[in-house]
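Read the structure below first, then the notes.
Bear in mind that the values in this text are calculations on the coordinates, not laboratory data. Owing to the predicted nature of the structure, the values given are computational and were not obtained by experimental measurement. Glycine gets a Cβ as well: all are built from the backbone with ideal geometry, and neighbour counts include every protein chain shown.
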Amino acid sequence: MPLTSSDMTSIIAPYPLQGVWAMSSNIGSVRYDKKSDSWFVDLRWKGERHRIFRMPIQGGMLIPCTSEDMGNALKIVINTQIDMGIFHPDRFKVKKPTHLKVYAEQWFERQTHLMKATKRGYRIYLDKYIVPALGDKFITDITEKDLEDLVKAISQGGKTKDNVLGCMMKILHDAERAHDIDKAPAKPVMRGTDKVVDPEIIWLEPAEQEKILAHLAPKYRPIYMFGVLTGCRPAEARALQWNDVKLSRGEIVFRHAFDIYENLVPVKGKRPLPVPITDELRALLEETPKNLSEYVFMNPDTGKPFTKALGKVFHNASVKALGYSIGMAKATRTSFAQQLANSGMDIHMVARWLRHSGTRITKRYYEYKTSSMKSAVDKVRKIR
């Protein structure tokens, strides 16, 4: 965003106005740093190279240059100081280390792009674990040993430890990208009881999915079968809109989901990816009324999209059908993933269909696959 005249005035206020616009020096070049997504001035001064990333403003604060205009303004300030004989690179560095509890709070306030549930989790990790353990240390002094001690002090299981450590590493990596610390300490290796153990994969065969379908009221069957046929998250199915269903192209793009507060939010991931419409899925969509709402699946009793109360309906149906409760996500998305893995589909194709960012999460379905092991044992038995 271009700097306004008021922004420029705020930046150059500490310096004589005539010096800024009549500067004789023209030292340094404005460059972009991809890693930190910020601009800086690259210059040589007294025989040494310096890369200056932060802009001084009124009150003594130093802020990152988030645009090329800010980088150009920073260059003006630097050359003005050179003309005035007061320039020194240290004037543009954070002189006073910041306590982690202050830095972490500033970091948290910048996380405006996160889903409410994710941000709520970070709030808990900060208040309950990170700040009590490390809040009084300077952000520049935190070591790998401090992170190991943080993990050891958490009495909960490996998943909580991993989440807390992940939150802490995000803070440190952001500090590194902002040049507030030289380098983030390495993430400790989780050992023994600290390790996160993947839970057993609970999934259903198609015949079991059909049993649940038979115990659902007709109004709930389309959205359930949609999950069975696409492997999408239930919150994505509830939020699906007709303008994201491209029957002519044979594609669906999941752009939105409902969060735990029933707010419509963007789906996870950097960009929405289309999934193909199979013949069975096309038949389901063509039978679904299109003139009731912008949403594909509507609760006929309310005239609005289904809410997370759908989970209770599904709980009751699964108990009647199978004799035990299974969540809708496991009965649809997890089962879909495991069925694809068992079919022998390439892991990269399965990851792409599930819209995973990589194959790390998808891999667990292949590790749980038993059909190939059975075939190998059967083959050995026949040889004998």
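At a glance:
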read-out: Coil-residue trypsin sites (Lys or Arg not before Pro) of segment 232-311, DSSP, other Cβ within 10 Å capped at 13; value: R249, K270, K290
read-out: Listed pairs K34/K93; K93/K183; K119/K268; K219/K312 exceeding 18 Å between Cα atoms; value: K34/K93
read-out: In order through segment 227-244: 3J(HN,Hα) via Karplus (6.51 cos²θ - 1.76 cosθ + 1.60), integer Hz, x for Gly, Pro; value: x, 4, 8, 10, x, 7, 6, x, 5, 6, 5, 5, 9, 5, 10, 4, 6, 9
read-out: Part-to-part distance (alpha-carbon centres) for segment 256-276 and segment 113-174, which is given in Å; value: 26
read-out: Ranked list, fewest to most other Cβ atoms within 10 Å of each Cβ, for M298, M328; value: M298, M328
read-out: S67 long-range amide H proximity, modeled H, under 5 Å; value: W39
